[in-house]
Every structure is written in structure tokens, then in C-alpha cells.
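In what follows, a structure is listed as C-alpha cells, so that the remarks can point back to it.
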Amino acid sequence: MGDVTKLIARRLVYGALTLLVVSILIFFAVELLPGDIAQAVLGQGATKETVAALREQMGLDQPAPVRYLHWLAGAVHGDFGVSLISGDRVSAVIGPRFLNTLFLASYAAVIAVPFAITLGILVALLRNSIFDRVANVVTLTAISSPEFFLGYILILFFAVKTSAFPAIASIGSHMSFGDLLYRSFLPALTLVLVVTAHMMRMTRAAIISLLASPYIEMARLKGVSPWRVIVRHALPNAWAPIINVVALNLAYLITGVVLVEVVFVYPGIGQLLVDAVSKRDFPIVQACCLIFAATFILLNLAADVGAILTNPRLRHPK
Amino acid sequence: MAKNKDVLLRIRDLRIEAQTDDEWQEIVHGVNLTLHRGEVLGLIGESGAGKSTIGLAAMGFARDGCRISGGSVEFDGMELTTSSPSALRALRGSRIAYVAQSAAASFNPAHKIIDQHVEAPVMYRIRKRAEAQEDAMQLYERLRLPNPQEIGFRYPHQVSGGQLQRAMTAMAMACRPDLIIFDEPTTALDVTTQIEVLAAIRDIVDQFDTAAIYITHDLAVVAQMADRIKVLLKGEEIEEASTEKMLEDPQEDYTRSLWAVRSFERQQKPRPDDGTKPVVSVQDIDAAYGDTKVLEDVSFDIYPGMTVAVVGESGSGKSTTARCITGLLPPAKGRILFDGTEMPPAFRQRSKDQLRQVQMIYQMADTALNPRLRIGEIIGRPARFYGGLRGVKLKNRVDELLGLIELEPSKFYSRFPPELSGGQKQRIGIARALAAEPRFIICDEVTSALDQLVAEGILKLLDRLQKELGLAYMFITHDLATVRAIADEVVVMQRGRVVEQGPKDEMFQPPHHPYTDLLLSSVPEMDPNWLTALLEERGVDNVGEAAKV
């Protein structure tokens, strides 16, 4: 196991380095935007003196690398500065929003991942049957339609026509857990529909690619039933590609939810990001980007580690 | 009816079809077969003879893309060709078991060996899990696996090939079947390991009085194992007889030609005595993969126009030596001289001309040729790269090379490798090596993936090319029959060291180094009593130890 621990440690270091590079990119990309931030904040009518005073107050008179280091040092401690618009601390603004997004992503993931993998196993077992084709067509249709379109369709059927679920997923901290689940059901369902196809198709492909292996033939020649051949003999060797696709989709659930949040007016980080961009609230934009990048890196790292842990050759060295 | 009761398996007029493109083509044309309880039938033939397909059909099984299209397979009174999938499943593993060619590929890498062993008996409720495990350990002990109490709890990749093959035989025995299909169970093993597995299989088949179908292309092996032998060619039976009769008095020409394969042998050439320098001289080479040392103090010379066979078991360092000579793996110590001049250790530092002089032919022609390139491009590339040929000159050179390897240029120039047979592909590999106009070619197990008749054709071709072009060969092989056929000098390697070297005729005469002796005595002979005699000579209980000398 020592090897695996070392491997994970090394990947974590690489992940941290990647994040550092990303932070540089984010900071200087914002820096490259045209216009002066202080000017933008104060508006057209500001005098030169007030702009200069604000620049000094915001530290904008210092060279960019110095400001980057300040920002980075703060970010490491969870301090991303203050919002240019409201003056609130960025962490205080983002914190609850990010928790909401995490809640929605977990909600969708808890449904989508087992559903997609089970469906993938089923279509691998019943490959080339009617069920296989129907499942493929339906999931592909779901992934090919834009999320906002899917969202409106769901609203039409579940909120407008039947009023089974609320069209607007406004949630607050005072609500019970059951209430939260109920109110955010439609956005979660939209996300499930969007991410299922990838994971299902990868599960199917990964399993079917193994079915020609000698050890699968051996299992069949031992009289093992088709269901057991797939679940016990093929699936344990198919995890690596499946885990990778699952991780990519989980990352998407957190970083790609902007449209869904807007459609359902869900108070998540995606909406916040859209607002911040339109208002040029750069500290918030930077913080959001950094959080997204960290999510991606962490999930990919988890996928790599997961793929390693499911490989018996690496788990049990000679 | 007393005699009929004795019959375990009766196959009548079996026909099997395989799908090619969109049509079904018959590949087994009406084969009959009868097997009695406790009897071992050897099925022998070259690749494409339908041996495995028939063996699987005896389980009522057809691979994907194949189907049983006619005839009957009757196992213990039950007709398999018309049985339901679930009835067939109930038979497999419990009453008919299968032992595959490559145990390393046929054990599931994700599960422990013993878990795979107990799967069938537990599934069929023949034994409870704990009992099945206990039984597995007893079988491991009977098959003389080391640490029988513990070995099952390892994963397949943690166990050696020979041990895995024995574990697979044990697994086939788990439900005490009436019939086991052995599909080339020792083909992938070294000769010394092969003996252990053969002895183990024979022993356990005797012990439990199990009937078996033993599929192989190796006559000497089947002679040790089978009571009767059936010879197949292209899905048809050639002849069948008891083992003794088949060996002494084969009736058909085809069978006799199989028997005669090992007769190709050419005169040993002496080293030139006119002061010619060796074309390749390996001097005190050490090499390592990471921290693992794989070669130690390897030295030998290869003179122009001569063939040096490098023999040894897998892991003995034969191929690593080749990698050092080609510069793919720069040695940690020592020198490699070419025509008396030292070559840079890494291929990147060698000049184009130095690279040209050393070419390789690989074991698996299948994977060594780019399947998406036409034959003309495959052979033409080195001629263009090293010889700078273009246009018509290049085309003429490729035609000339195709002529050299006895393939019709107009027919092969624009074909793709997958359209060729195994022997033809290997010839293309040879032509590609010749295209560079080398003086020295490394042949890495070039015949071991081929049928005996085809392999003989390749050996004769290489011999002719050597005479015509004055090439020097380094011939890596584990097959001593090949060595006998083609070598002038022999280098015996074991665990990264050269244990003995010298002219071929001397090497095949006693006294030998003990390891050479072990290798030589492990090569199966046609005599059906060879294995029994050998085991007695070595002491039956020492089979495992003998291999570790």
C-alpha cells in the first residue's frame, strides 16, 4: 500500500501546482481586461482625485505581481477580498451560494451516478436489443437538448400542467431537508438528464470491450450466468474508464450549472458568477473561477486515484 | 448395450460455421468423435484445423461469430446441440470443464485465484464455500503447487505462468467433472515448466479417472498424454488411431509430413579461420531495468555468415541482450563492437549506417506490421530511409525483395497485412529487415508463433538468404528443435548470465552444464513413455525442484 500512498501524495502535489498555474492565469486574465477598475466602480462622474484615492485604497497603485501575491496569500487563507459592488467580504457572499450549488450537484449525482451505471450494465447485458436502442436514443436525446430547453420542458409538464413541483427553486436555510429536496427537484432532474447519457454509454462500452477477453470466455465456460458474467467478471475490470467519465460529469454538475440555475432561479454560485461578470465585480469572478478550477482538479485527481485503486495489479504488487 | 454405457461423448457429423463479412462459411466439415469414460483423446493439427472449435463444441459452446450448423453432440445421453442455454450452463464447469491455453489471460485479474476456483462448486451447491476452499488447497497440493495453503489467496498476476496453468487445471477439477477439454495448456510455457504441468495434468486425470480431450499442435506432447490421437486438417479428420499405432505407423501422407517436420537440419559451419573479425562482439555486458539487474557479464561473438542461437527460458535475458545490441536499452557496463569498432550504447547516438547494419525480425508478425500500411510501403520505407531510393528504383527494389522471400510481387505489393497468412506476414517481416541491407539480423522467436510446417519454410528461407547474402543471425529461441535445425553456435542463458556456449554439435553432446542438460532433457520426444521415464529419472517428487536447478 506504500506505493499507492506515495502515488496519491505525488498527484496531490501536481494538483496543487496546477492550481497555482490556474490562479496565475485567472488573476492576469482579469488584469488584461480593458478599463480601470476604480474608474468603473466610481462611474463617469468621478473626479481624478477620488479615482486616485480609490486606487490607493484598493492597492491598484502597486505593481501587478505584488497584488497577485497579496491576493494569493489571502486566497490560501480563504480571504478573497471584498466585493466591489456591495463591499461585503467575498467569502461571505460565495460561501452560502457555493453550499447551495454543492447541494444541488450532490442531489443530482446521488440519483444520476447509480442510475447511469445500472442502466449501462443493463444495456451491456441486453446489448443490441430493443431496450438497448431505446435507452440509447432517449439518453442521447436528453444530452443533445440544451439544458435550458430541458428545464423549460420539465417546468411545462411538472409545474405548469400538473403543479407537482415548484417552477422556481427558491430555497433558504430555514427549510427542512425534505422541503429542500422537494423544491430543488426539477433543477436536479434536469441535471440528471444531462449527465446520464455519458456515464451510461461509457459503462456499456467499457464492459462490452472486455467481453472478448479470455477470462470472460472462461467464466462462460464455467457455466456462469450472463448477468453474473457482467457484474462479477467484467465490471470489476471496467472501473477505470467509468470512474473517469463519472468524475468529469460530477465536475460538470458543479461548474456547468449556470444555465440551469438561471432557469430555475436557484441561488447557486452560477447565478452569482453571471451577476458578478455583468457588474464587473472582479474579486467575486476570480474567486468563483478558482473554486471551479479546484473542483475540476480535485475530481480528476479522485478519478485517477480511483482508477488506480480498482486495478489489482497496482493494489497488490508482486 | 454394456459397451454403449461406456461412451461419454459422441459427436456425429459435426458442422460448424463462422461468420466472415456477411456470410457464413463452414469451417468444420462433418467430424465424428467418440470418447469413453476415463479416456484421453488427443486432437492434433495446425492452426485453422478446427481443434479448439471442436473442443468447445463438445461443451455445446460456439464462440461469438461461430455457430454449430449441423450434426449432433451427445454427452452422457444428452443432446447438446438442441439443449437450452440454461441446461448447457448447468453442464459447464460442473460436468464438463475447460482449461485454456493462456492461464494468465484466462484468470480474471480482479479476483483472487481461490475465489475463482470456488465459484463453480459454490454456484452449483456442490460444496459450501469453506469446503470448496479446503478442497482447492488439497488439489493445489496434489498438483504440487508451492505453498498450497496460501497460493490461492494471491491474485493471478502474483503467480508465475506455469503455476497459474496448474491452478487452472485444479479449477477445472473443482466440481470433479466427467470430461475436461485441455486447449493447448502448455503451448505458452517454457520446456522446463511444461514438464511440471504435463506431469500434473496426467497425474490428476489418472487419479480421478476423468475423460479428457487434449488439444495441441505438438505431437511429442500429445504422445505423452493421449490414449488415442485424431489428426485434423482444415476442419476435416485425416485419421485416428491409438497413440502407439499413430506414432509407429501413420497411414496418411499429411500425418507423415507432420511427423517429419523436425527433420530439417543443416550442416554446422565453423568459424572463419582467416582472421576475419566478428561482425558483432558483445563484451561483458551488464544491463538493468530500473533497479532490477537483468544481465550480468554477457559476452559472445557472432562471425559473418554464421548463426548463433541464444537459448534459455523466459526471463533468462535473451531479448534483453538483443535490446542492448540494437541500442534500445543502453547497457550499464561493457561494450558492443561492430566489425571491431565500438558502437555508441544508445541507438540515438548511432549513425544511420550503424543503425542500418543491425535489423530485427520479431516474434509476432501480426503486431510488428502496421495493419494500415500496404506491403509495398512497409518494405519500401527502410529502402527509402537507408538507401535513399525513390520512384521506380524503389518499386523495383521492393519487387526484388518480395522475390527474395518467395512472394509474387504483383500479388502482394498493394495488399494489407491482415489479408496475409501468419507465414506470409513473417516473410514480410524478413523482407523489411533485408530492405535496409543489413549485415546482421536479430531473429527474436521468429518461428514460435507459427505452425511447424510453416516454421520450417521460414527456417529454410532464412538459411538460403544467409548463404546468398552472407548474413549473420542472432537467433533467439526457446525451442531446441529450431536450434538443432539452424544454429552454428549456441549460447545458453539463465537468469541473465551465459552458462555455456560453443559450437552446436558440441552443445548437443554430453557433458553439459547442468542447466543445459535440464533444457535438453525437457524437450518432449515422440516416445509415449518419454515423460514417465524422465519423471522416474528425476524422481517424481522433484519435478518442481528440478526446474529450479
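As a summary of the residue check, residue B:127 satisfies the conditions (1) more than 10 Å from every other protein chain (Cβ to nearest Cβ); (2) in contact with a Pro (Cβ under 7 Å, 6 or more places away or on another chain); (3) buried (at least 23 other Cβ atoms within 10 Å of the Cβ) except for the one numbered (3). Within segment A:289-318, residues that are within 14 Å of chain B (Cβ to nearest Cβ) have Cβ atoms under 7 Å from residues that are among the aromatic types (Phe, Trp, Tyr) and surrounded by fewer than 17 Cβ atoms within 10 Å (Cβ to Cβ) in no pair, counting only partners at least 6 apart in sequence or on another chain.
Residue B:113 meets the conditions (1) touching a Leu at 6+ places or on another chain (Cβ under 9 Å); (2) assigned by TED's automatic domain parsing to the domain that holds residue B:182 in every case but one. The failed one is (2). Contact map, segment B:44-57: first residue over 24 Å from residue B:256 (Cβ atoms) and within 14 Å of chain A (Cβ to nearest Cβ), second residue small (Gly, Ala, Ser) and surrounded by fewer than 21 Cβ atoms within 10 Å (Cβ to Cβ), Cβ cut-off under 9 Å, separation 6 or more or different chains; pairs are B:53/B:18; B:53/B:62; B:56/B:62; B:57/B:71.
Is it the case that some residue within segment B:58-68 is small (Gly, Ala, Ser), open to solvent by less than 30 Å² (accessible area, probe 1.4 Å), within 11 Å of residue B:16 (Cβ to Cβ) and assigned by TED's automatic domain parsing to the domain that holds residue B:30? Checked against the condition, which is being small (Gly, Ala, Ser), open to solvent by less than 30 Å² (accessible area, probe 1.4 Å), within 11 Å of residue B:16 (Cβ to Cβ) and assigned by TED's automatic domain parsing to the domain that holds residue B:30, segment B:58-68 yields no hits at all.
Exactly one residue out of B:83, B:69 is assigned to a strand (DSSP E or B), more than 9 Å from chain A (Cβ to nearest Cβ) and of a type outside the set (D, E, K, R), and it is B:69.
Residues checked against (1) within 14 Å of another protein chain (Cβ to nearest Cβ); (2) assigned to a helix (DSSP H, G or I); (3) open to solvent by 50 Å² or more (accessible area, probe 1.4 Å):
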residue	(1), (2), (3)
A:167	no, no, no
A:216	yes, yes, no
A:239	yes, yes, yes
A:242	yes, yes, no
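Confirm whether residue A:207 is touching a residue at least 40 places away in the same chain (Cβ under 8 Å), within 23 Å of the chain's Cα centre (by Cα) and on the phi < 0 side of the Ramachandran plot. So residue A:207 does not fit the description; no.
Take residue B:356 and tell me if it is part of a helix (DSSP H, G or I), among the charged types (D, E, K, R) and open to solvent by 90 Å² or more (accessible area, probe 1.4 Å). It is false that residue B:356 is part of a helix (DSSP H, G or I), among the charged types (D, E, K, R) and open to solvent by 90 Å² or more (accessible area, probe 1.4 Å).
The helices (runs of 4 or more DSSP H) found entirely in segment B:143-253 that carry 3 or more residues being more than 24 Å from residue B:105 (Cβ to Cβ) and open to solvent by less than 10 Å² (accessible area, probe 1.4 Å) are B:219-225. Considering only residues of segment B:366-388 that are in contact (Cβ under 8 Å) with a residue 12 or more places away in the chain and basic (Lys, Arg), which is farthest from residue B:403 (Cα to Cα)? That would be B:372. Is it fair to say residue A:113 is closer than 18 Å to residue A:246 by Cα and modelled with pLDDT of 90 or more? When the stated conditions are applied, residue A:113 passes them.
Per the listing B:378, B:325, B:336, the residue uniquely assigned to a strand (DSSP E or B), at negative phi, over 20 Å from the mean Cα position of the chain (by Cα) and assigned by TED's automatic domain parsing to the domain that holds residue B:486 is B:336.
Determine if segment B:280-297 includes at least one residue that is open to solvent by 70 Å² or more (accessible area, probe 1.4 Å), in a strand (DSSP E or B), closer than 25 Å to residue B:487 by Cα and not small (Gly, Ala, Ser). Yes, segment B:280-297 contains at least one residue that is open to solvent by 70 Å² or more (accessible area, probe 1.4 Å), in a strand (DSSP E or B), closer than 25 Å to residue B:487 by Cα and not small (Gly, Ala, Ser). Among the conditions (1) within 30 Å of residue A:308 (Cβ to Cβ); (2) at the interface with another protein chain (Cβ under 10 Å from one of its Cβ atoms); (3) open to solvent by less than 40 Å² (accessible area, probe 1.4 Å); (4) in contact (Cβ under 8 Å) with a residue 40 or more places away in the chain, the only one that residue B:98 does not satisfy is (1). If you filter segment B:20-43 down to residues that are on the phi > 0 side of the Ramachandran plot and not acidic (Asp, Glu), you find that the one that is farthest from the other protein chains (Cβ to nearest Cβ) is B:30.
Taken over segment A:268-288, the criterion of being touching a residue at least 12 places away in the same chain (Cβ under 8 Å) and either within 14 Å of chain B (Cβ to nearest Cβ) or surrounded by fewer than 18 Cβ atoms within 10 Å (Cβ to Cβ) (or both) is satisfied by A:274, A:279, A:280. Exactly one residue out of B:120, B:103 is within 13 Å of chain A (Cβ to nearest Cβ), at pLDDT below 90, open to solvent by less than 10 Å² (accessible area, probe 1.4 Å) and under 24 Å from the mean Cα position of the chain (by Cα): that is B:103.
Selection over segment A:218-231 of residues that are surrounded by 18 or more Cβ atoms within 10 Å (Cβ to Cβ) and not small (Gly, Ala, Ser) gives a count of 7. For segment A:189-203, the count of residues that are open to solvent by 20 Å² or more (accessible area, probe 1.4 Å), touching a residue at least 24 places away in the same chain (Cβ under 8 Å), part of a helix (DSSP H, G or I) and within 13 Å of chain B (Cβ to nearest Cβ) is zero. Taking residues in segment A:218-234 that are within 7 Å of another protein chain (Cβ to nearest Cβ), and partners anywhere that are in a helix (DSSP H, G or I) and among the small types (Gly, Ala, Ser), the pairs with Cβ atoms closer than 7 Å and at least 6 places apart or on different chains are A:218/B:106; A:222/B:120; A:223/B:90; A:223/B:120; A:233/A:219.
The values are calculated or read from the model by the stated rules, or taken from the named source; none is laboratory data. A quick note: this is a predicted structure, and the numbers were derived from the prediction, not measured. Because the Cβ atoms are built from the backbone with ideal geometry, glycine has one as well, and the counts that use them run over all protein chains shown. Remember, those area values only see protein heavy atoms, side chains included, never the ligands or the DNA or RNA. Shrake-Rupley method; radii C 1.70, N 1.55, O 1.52, S 1.80 Å.
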